[in-house]
Amino acid sequence: MRRQESRLPHYSLKRFKYNSHYWVLKFLSDAGHPLRILDVGTADGYLGAILKGSGHSLVGVEQDFEAAERARPFYDSFHVADIEDFEFPYRGEFDRILFADVLEHVRDPILVLKRSIPTLKKTGELIVSLPNIANIIIRLNLLAGRFDYCERGILDRTHLRFFTLSGVKRMMEEASCRILEVVPTPLPVQLVVPVSEKKIFSPFHEAHYLLVRLWKTLFAYQFVLRAVPNIARIDKAQARTSNESGAPNHPGFAGSC
């Protein structure tokens, strides 16, 4: 593969409560046992390092060469590849597929999701985090006539796709996935105002997150979700494709795409 030079903004582990990394790690730890995880879009491995330390078995995929080299030590196996071209050369192997802040960077997230599904075990799940373009800050900026890209955040200049909660649900349905749970995350006040990380501000952050939970379409910064393949929908799509092509249908989870 041609070497991909670093063009992406540098992100790091978010350590404050209720952020997307908090929920991703919580969803994984709730399993209560080591998992086989496909981490798609590892960045420099800040999540991989934690997951490896927790005893999970990891396979990573990352297109940025420099980030991939930093991440590689935390993974049992690694692919330096553009996920939009990646063939996902596994079948029925993973307990979880992780798309943490990834799908907004690709042209066709539905196709990427569909390609990844066959790598899951029958009991496997996808964990996905995505930014909320309908956040109140974006809405207020639009009212003021501004839609300015930034180095990071919801309007990160490398984002190709934008999502609302209804758009997330529709995307997952079109990818033949059924959502089990969606949680919102609050605006990262602690990153903007570092002093607010002090314990004295904890009641403020709890009140902020209560507001986010009550009105997530307006106040959520990101959505983090758990989903499973919708087997009935996949089988129906397979049958339709088979009938159109005249080829015999071969039902089975591992072969669906």
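Just so you know, all these numbers are worked out from the coordinates, no wet-lab data involved. Since the model is a prediction, treat every value here as computed from it, not as a measurement. Because the Cβ atoms are built from the backbone with ideal geometry, glycine has one as well, and the counts that use them run over all protein chains shown.
Is the chain rounded, prolate or oblate when judged by the Cα gyration tensor, a ≥ b ≥ c being the square roots of its eigenvalues, rounded requiring a/c under 1.5 and prolate requiring a/b larger than b/c? Could you put the intermediate results ahead of the total?
Numbers: a/c = 1.65, a/b = 1.43, b/c = 1.15.
Taking the square roots of the gyration eigenvalues as a ≥ b ≥ c, the chain is prolate.
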Notebook entry, point to check: Are there trypsin sites (Lys or Arg not before Pro) in the range 197-236 that DSSP puts in a loop and that have at most 14 other Cβ atoms within 10 Å, and which ones?
Noted result: K198
Notebook entry, point to check: Which loop-located GluC sites (Glu not before Pro) does the range 104-195 contain, where loop means any DSSP state but H, G, I, E or B and the Cβ has at most 12 other Cβ atoms within 10 Å?
Noted result: E151
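In cubic angstrom, how much convex hull volume per residue do the alpha carbon atoms of the range 17-136 span?
On the way: hull volume 13.8 nm³, N = 120.
For the range 17-136, the hull spanned by Cα atoms encloses 115 Å³ per residue.
What do you get for chymotrypsin sites (Phe, Trp or Tyr not before Pro) in the range 81-116 restricted to DSSP loop and a cutoff of at most 14 other Cβ within 10 Å of the site's Cβ?
Passing sites in the range 81-116 do not exist.
Calculate the FRET efficiency for R107 and L140 from the Cβ-Cβ distance with a Förster distance of 22 Å, rounded to the nearest 0.05. Provide the component values of the computation, followed by the final result.
Numbers: r = 29 Å, r/R0 = 1.30.
It comes out at approximately 0.15.
Give the percent of DSSP beta bridges with both residues in the chain that are antiparallel, rounded to the nearest 5.
Values: 14 of 33 bridges.
Looking only at bridges with both residues in the chain, the antiparallel portion is about 40 percent.
Work out the length of the dipole vector of the chain about its Cα centre, built from +1 on the beta-carbon of each Lys and Arg and -1 on the beta-carbon of each Asp and Glu, and round it to the nearest 20 debye. Intermediate results must be reported in sequence, preceding the final value.
Details: 34 positive and 29 negative charges, 140 e Å.
Value, rounded to 20: 680 debye.
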Next item on the list: Any chance you could check the Cα centroid distance between the range 14-42 and the range 180-205 for me, in angstrom?
Entry: 18
Next item on the list: Enumerate the amide H contacts of G41 below 5 Å, restricted to partners 5 or more residues apart or on another chain; note that Pro and chain-start residues carry no placed amide H.
Entry: V61, E62
Note to self: For Cα pairs less than 8 Å apart in space and 6+ apart in sequence, what is the mean separation divided by the residue count of the chain, i.e. the relative contact order in percent?
What the structure shows: 19
Notebook entry, point to check: Given H placed on each backbone N at 1.01 Å, which residues far from L120 in sequence or on other chains put an amide H within less than 5 Å of it?
Noted result: G92, E93, F94
Check: Modelled label-to-label distance, D82 and V228, 7 Å Cα→beta-carbon offset: nm?
Finding: 3.5
Notebook entry, point to check: Considering the range 94-234, what Rg and Dmax in Å follow from its alpha-carbon atoms?
Noted result: 16.5, 50
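Given a Förster distance of 35 angstrom, what is the FRET efficiency for H33 paired with V189, based on the Cβ-Cβ distance and rounded to 0.05? Mind dumping the intermediate values first?
Details: r = 34 Å, r/R0 = 0.99.
Given R0 = 35 Å and the Cβ-Cβ separation, E is 0.50.
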